[in-house]
Amino acid sequence: MKHHACIAIGINQYQLLQPLSYAQEDAEALSAFLLEEAGFAADRCLLMTDASPSLWGHPTYPNRENILNLTRRLCNEQVQQG
């Protein structure tokens, strides 16, 4: 799916709210489905969870700053590729 992108966000441990049990697993499952079954390109899918590894040298913990940085980077990469 050349023109589709995904940002899958799953936060289990909030600072001020009760922890969730499956948000991270749900985001990981959605990302895996889109990559493996729906044909999304890996460079167009962002997975942002409490424990996801850094991407393009940026942390992927899903806070406002990281979400904005990574979406800008994703958009810039795609514009440069055409």
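Give me the number: length gained by fully extending Ala38 to Arg64, i.e. 0.36 nm times residue separation minus the C-alpha to C-alpha distance, one decimal in nm.
On the way: separation 26, 0.36 × 26 = 9.36 nm, distance 2.77 nm.
Going from the current span to full extension adds 6.6 nm.
Find out how many positive minus negative residues lie around Thr49, taking Lys and Arg as positive, Asp and Glu as negative, among other residues whose Cβ is under 15 Å from that of Thr49. Write down the numbers at each step before the final one.
Values: positive: none; negative: Glu25, Asp26, Glu28, Asp50.
With Lys, Arg at +1 and Asp, Glu at -1, the neighbours total -4.
Assuming a ≥ b ≥ c are the square roots of the Cα gyration tensor eigenvalues, decide whether the chain counts as rounded (a/c under 1.5), prolate (otherwise, with a/b larger than b/c) or oblate. Walk me through the intermediate numbers first.
Details: a/c = 2.77, a/b = 1.42, b/c = 1.95.
Oblate shape, in that a/c is at least 1.5 and b/c is the bigger or equal ratio.
No lab work stands behind these numbers, since they all come straight from the coordinates. Everything numeric in this text was worked out from a predicted model, so none of it was measured. Ideal geometry is used to build each Cβ from the backbone, glycine not excepted, and the neighbour counts take in all protein chains shown.
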